[in-house]
Amino acid sequence: NRDVSLMMREMDVNAIAGTLKLYFRELPEPLFTDEMYPNFAGGIALSDREAKESCMLNLLLSLPEANLVTFFFLLEHLKRVTENEGVNKMSLHNLATVFGPTLLRPSEKDSKLSSSSTPISMNDSWSLEVMCQVQVLLYFLQLEGIPTPDSKRQSLLFTTEV
């Protein structure tokens with residue numbers, strides 16, 4: 001529709017991006033689920049490249065189907081955003097920094113447990129968590145050819161049930 005296209009051109013891209021981040025932040029559970037957070041944190045810390053790739057892909061593909069399909073769409077969109085990095089200043093690292101903590105975070109319970117059981121200060125603990133969140137998303141943004149469970153993905157994309 002021509003009117004919609006015109007209206008979209010007039011929208012503030014920062015307001016749209018902020019709304020998208022708010023949506024993901026306000027979900028009852030992050031896209032990379034509370035339960036899976038420690039596994040992703042452990043996987044990204046692996047030093048062996050092949051072991052890391054295998055672990056991270058297996059973890060990704062074990063997300064609930066709706067989360068996985070949503071993540072694939074978001075990943076494709078974020079990669080398109082970086083195609084205009086010269087104009088929008090949004091590199092893969094910048095996008096991972098902005099979206100990582102929104103998509104992947106420890107549950108409040110796990111966060112409280114880790115901060116009370118280690119001598120690391122709250123500031124240091126928070127910084128380490130944010131660095132981990134950024135690294136996980138950056139890893140997937142940089143990974144080429146993520147295998148998708150096409151049959152499951154297609155069934156979710158074209159379902160008419162609400």
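Quick note: the coordinates plus some simple rules give every number you see, no bench work behind them. None of the values given here were measured: they were computed from a predicted structure. So basically every Cβ, Gly included, is an ideal-geometry build from the backbone, and we count neighbours across all protein chains shown.
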S47 versus V130, label points 7 Å from Cα toward the beta carbon: distance in nm?
2.7 nm
Rank the residues Y139, Y23 as a footprinting-exposure proxy: fewest other Cβ atoms within 10 Å of their Cβ go first.
Y23, Y139
Over every pair of different alpha-carbon atoms in region 1-80, take the mean of 1/r and invert it; report that Kirkwood radius in Å.
15.0 Å
For region 30-113, state which trypsin sites (Lys or Arg not before Pro) are in a DSSP loop and have at most 11 other beta carbons lying within 10 Å of their beta carbon.
K89
